[in-house]
């Protein structure tokens, strides 16, 4: 009988207890994957259930962890891996597009057989006999000794363990550029595998040697590739020609018609762990990462993390080169998280109330791959606009280089026009280009593109002589418009030709407000430029001011910043880049 001092305990039902264990393992995995390679390895060995912990890793996470540690330093981790994890490693490491890479097969099989010899050979015999036979076909020569045949009749190098089947690793089957180290590694793998196989199952050993001699390599490779693609497709790793479909953009209107249904997990015993590496590498300041942090339901979080890992895997499969390192994966995660966040931002713009609640609802309602494509749609639309403008632009018709638009504009437009557009960010160290990450990046690039398009349209209406431009291919757009205007004010023909210093000094002196600190250009001169542009382009001043007011102000600010402190008598053509001035031998300069 229960006393008041010993109240009955409420037992936890088995399913809840199982989910609690899964949550604990997921938490432990997350902490380990945030550590550097050797530290992560030590943390695994210190775990009270190291084997169960390793088996609970998603295959993608374990593969990246092995590369982070270093494959040859992670032999103990490979030994603890499950056959499911081994299979994934061989699937991603052993292929060059649609061809088996026997060098990689040898390296990874060699590591696995060194880590756990008998288990690996038994697994290969039971689950991968075709791969074993394919490897032997490309590696060995087999002969069967007749009862009255002397082994000395065979060529040098043949070996046997049953005095019936003789084989040798045929040196003529190696590629001409094969290294001595690889050949030794390959021979060790084959002899070890055969020795373990005959010890485990003599009959199967003989059958394998016989079948290996009659392999049709093209058919075997094609079937292996087909099965491998099925396995990887479940994780989002599609063949390259299909994976690039991840960049197929969709609109918000299309997105709203493509809702998903999050399924309940029917049985915790069949629960597949979600990859943690992508989720652990997300930047917390991204909208998608913030929405994911608000979800506390473990099952739902696991499904969303698996879905996000699928998006990352699609991006990895669409990359021309393999992705192995932590930095490479982090770049993929940053792109996926950023573009999904842009998709969420677009949805919020159409319904701005309850921002935080809406983002959580959106990632539960719409497939993450479609949110990604919606975000990418903003980038694709920007590139389409830039490409369509460039093909019919005034500057291309006049055979001017892209550098005509100046360094910053060249950077932005050049990034937009790439086959996979990137954002020009001169403030970051190293590479000046990065992925578009927010709608703010899109708006910045779109604004600069619109400004360049307006300048281009304006130049097309100014009737600038093409022959003169051909002589000054290093001229910039700002130099061109200011030189044409200055020549008009001085009374010279409107032509992109250098102005003599004696003609230019009075014009320059008349630009400035008197006794102003810092120096400033007269409003009357700004109005004069606007009026001249309106007359030459046959547009109203209001239309030009509306379309290009900020751009013209930036132009005058640049003049004031560069030359405000220079007195007219001290002007030197060598140091004046915003106007074409006589003094250079050919009348041109690099802008």
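The values are calculated or read from the model by the stated rules, or taken from the named source; none is laboratory data. All figures in this text were calculated on a predicted structure; none of them were measured in a lab. A quick note on method: Cβ atoms are made from the backbone with ideal geometry, for glycine too, and the neighbour counts reach across all protein chains shown.
Here are 450, 445: which of them is in the same structural domain as residue 407 (by TED's automatic domain parsing) and in contact (Cβ under 8 Å) with a residue 60 or more places away in the chain?
Details: 450 fails: in contact (Cβ under 8 Å) with a residue 60 or more places away in the chain.
One residue alone meets the criteria, 445.
No other residue among 96, 72, 61 is under 22 Å from residue 110 (Cα atoms) and touching a residue at least 40 places away in the same chain (Cβ under 8 Å) apart from 61.
Taken residue by residue, region 497-510 has no member that is outside any helix (DSSP H, G or I), free of Cβ contacts under 8 Å to residues at least 60 places away in the same chain and on the phi > 0 side of the Ramachandran plot.
Name the residues in region 227-241 that are touching a residue at least 60 places away in the same chain (Cβ under 8 Å), surrounded by 14 or more Cβ atoms within 10 Å (Cβ to Cβ) and under 21 Å from the mean Cα position of the chain (by Cα), would you? Steps first, answer last, please.
First, the residues of region 227-241 that are touching a residue at least 60 places away in the same chain (Cβ under 8 Å): 228, 231-232, 235-240.
Checking which are surrounded by 14 or more Cβ atoms within 10 Å (Cβ to Cβ) leaves us with 228, 231-232, 235-239.
Within region 227-241, 232, 235, 236, 237, 238, 239 meet the criteria.
Taking region 180-226 as the range and being without any contact (Cβ under 8 Å) to a residue 12 or more places away in the chain and within 20 Å of residue 93 (Cα to Cα) as the test, the residues that pass are 181, 218, 222, 226. Of all residues being surrounded by 15 or more Cβ atoms within 10 Å (Cβ to Cβ) and within 16 Å of residue 136 (Cβ to Cβ) in region 164-182, which is modelled with the lowest pLDDT? Just the residue, please. Looking at the filtered set, the residue picked out is 174. Residues of region 242-257 include none that is more than 43 Å from the chain's Cα centre (by Cα) and surrounded by fewer than 17 Cβ atoms within 10 Å (Cβ to Cβ). The one condition from (1) farther than 23 Å from residue 301 by Cα; (2) at pLDDT 90 or above that residue 11 does not meet is (2). For region 144-163, give me each residue that is surrounded by 14 or more Cβ atoms within 10 Å (Cβ to Cβ) and in a loop (DSSP other than H, G, I, E, B). Correct list: 145, 154, 158, 161.
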